[in-house]
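**Student:** If you scroll down you'll find the structure; I have some questions about it.
Taken together, the values in this text are just the output of simple stated rules run on the coordinates, not laboratory data. Being a predicted model, the structure only gives us computed values, none of them experimental. A quick note on method: Cβ atoms are made from the backbone with ideal geometry, for glycine too, and the neighbour counts reach across all protein chains shown.
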Amino acid sequence: MSLLTSKIVFTIGIVLWLTIRILYQRQQKQNTIVDDRKTPEEKVIRLLVVSGILLLPLVYVLSPWLNFANYRLPVWTNELGIVILAASLWLFWRAHHDLGRNWSSTLQIREGHTLITNGVYHKIRHPMYTSVLLWCIAQLLLLPNWIAGFAGIVSFSIACLTRIDKEEQMLLEQFGEEYEAYQQRTKRLVPYLF
Ligand code: SAH
C-alpha cells in the first residue's frame, strides 16, 4: 500500500471521527450541566490532544511541511493500521452511544446523570479513551513520520495522566459506593489488563 493510500485512509478516518463527535455534541446541547469541572488546564490539554490526533496528521496529509521527518515502514503496518483505525472508530461511536445523554466532552455531570456500566462500559471504565488509544496506534502505523505519527500517542498519554484520576474522583463523589463497586470489577482501558 502506498503512502498516499494510507494518508487517504487516515483522512477518511478523521472525517468519520469528526462526524461522530459533531452529531453527539449537537444532541448534548439540550442537557443541563449541574457540575462543571472544566479548568483552563483542561482546555489546554484538549487543545493538545486535538492537535496531536487531528491537526498535525492533517498538516502532514495536506502539505509537504513535515516531510523532513519521514521514515519508512513495512507494508503490513499499513494493513494492520487500517484494522485498528476501524476498531477505534467503532468503539468511539459505541462509547458515545452507550453513554447517551451522560456524555460530555469535558468533566461534567448532567441533570439526571446515571452511571453507565453496560455495553462497552461493562468491562472497562473508559472505552472512549481506549478508542483514542487505538486511534493513536493506527496513527503510528499509517503515518510514517516522527512528528505526525507520534503526536497522537504523546499528547494522549499526557491527557490520560492528568484526566482519568480527576474524572474518576468526580464520578466517585457523584455515585459513591456504586462507582467504587464498578471500579473494583472493571479495568480502566484494557479489559482484564489495566
Ligand atoms: N471516560 C469515559 C467517558 C468520556 S466522556 C470513556 O472514556 O469512555 C466524559 C464524561 O463522561 C465525564 O464528564 C463523565 O461525567 C462521563 N462519564 C464517564 N464515565 C461514565 C459512566 N460510566 N457513566 C456515566 N457517565 C460517565
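**Student:** For the chain, what percent of Cα pairs sit more than 20 Å apart?
**Tutor:** 57 percent
**Student:** I would also like to ask the following. Pick out which of Ser63, Ser105, Ser51 has the largest mean-square fluctuation in a Gaussian network model of the chain, springs linking Cα atoms closer than 10 Å.
**Tutor:** Ser63
**Student:** The chain: longest stretch without exposed trypsin sites (Lys or Arg not before Pro) (DSSP loop, at most 11 other Cβ within 10 Å), sites themselves excluded?
**Tutor:** 73-194
**Student:** Rounded to whole Hz and in sequence order, give me ³J(HN,Hα) for segment 172-189 from the Karplus expression 6.51 cos²θ - 1.76 cosθ + 1.60, θ = phi - 60°, writing x for Gly and Pro.
**Tutor:** Couplings: 5, 5, 6, 10, x, 4, 4, 6, 4, 5, 5, 4, 5, 9, 10, 9, 6, 10 Hz.
**Student:** Sticking with this one: Which ³J(HN,Hα) values, rounded to whole Hz and listed in residue order, are derived for segment 119-136 from phi using the Karplus coefficients 6.51, -1.76 and 1.60 in 6.51 cos²θ - 1.76 cosθ + 1.60 with θ = phi - 60°, glycine and proline given as x?
**Tutor:** Ordered by residue, 3J(HN,Hα) equals x, 6, 8, 5, 9, 10, 8, 9, x, 5, 6, 4, 5, 5, 4, 4, 4, 5 Hz.
**Student:** As a check on your grasp of the helix formula, calculate [θ] at 222 nm for the chain: sum -39500 (n - 2.57) over DSSP H runs of n ≥ 4, divide by the residue count, round to the nearest 500.
**Tutor:** Calculated mean residue ellipticity at 222 nm is -20500 deg cm²/dmol.
**Student:** Report, in degrees rounded to the nearest 10, the 0 to 90 angle that the Cα long axis of helix 3-28 makes with the longest principal axis of the chain.
**Tutor:** 20 degrees
**Student:** Give a quick list of chymotrypsin sites (Phe, Trp or Tyr not before Pro) in segment 64-166 that DSSP marks as loop, anything other than H, G, I, E or B, with at most 16 other Cβ atoms within 10 Å.
**Tutor:** Within segment 64-166, the qualifying chymotrypsin sites (Phe, Trp or Tyr not before Pro) (loop, at most 16 other Cβ atoms within 10 Å) are Trp65, Tyr71, Trp146.
**Student:** Still on this model: Using 1/(1 + (r/R0)^6) with R0 = 41 angstrom and r between the beta carbons of Asp36 and Thr77, what's the FRET efficiency to the nearest 0.05?
**Tutor:** FRET efficiency, Asp36 to Thr77: 0.50.
**Student:** In addition: Angle check, please: helix 40-50 long axis (alpha carbons) against the longest principal axis of the chain (alpha carbons), in degrees 0 to 90, nearest 10.
**Tutor:** 40 degrees
**Student:** In whole Hz, what ³J(HN,Hα) sequence does segment 89-99 give by Karplus (6.51, -1.76, 1.60; θ = phi - 60°), x for Gly and Pro?
**Tutor:** Taking θ as phi minus 60°, the curve returns 5, 4, 5, 4, 5, 4, 5, 4, 4, 5, 6 Hz for segment 89-99.
**Student:** Under a cut-off of 21 Å between alpha-carbon atoms, report the lysines in cross-link reach of Lys187, not counting same-chain residues fewer than 8 places apart.
**Tutor:** Lys123, Lys166
**Student:** Give me the mean projected area, in nm² to one decimal, of the convex hull enclosing the Cα positions of segment 57-113.
**Tutor:** Seen from a random direction, the Cα hull of segment 57-113 projects 6.2 nm² on average.
**Student:** Who wins for biggest fluctuation among Ile116, Ile137, Ile153 in a Gaussian network model of the chain, springs between alpha carbons below 10 Å?
**Tutor:** Ile116
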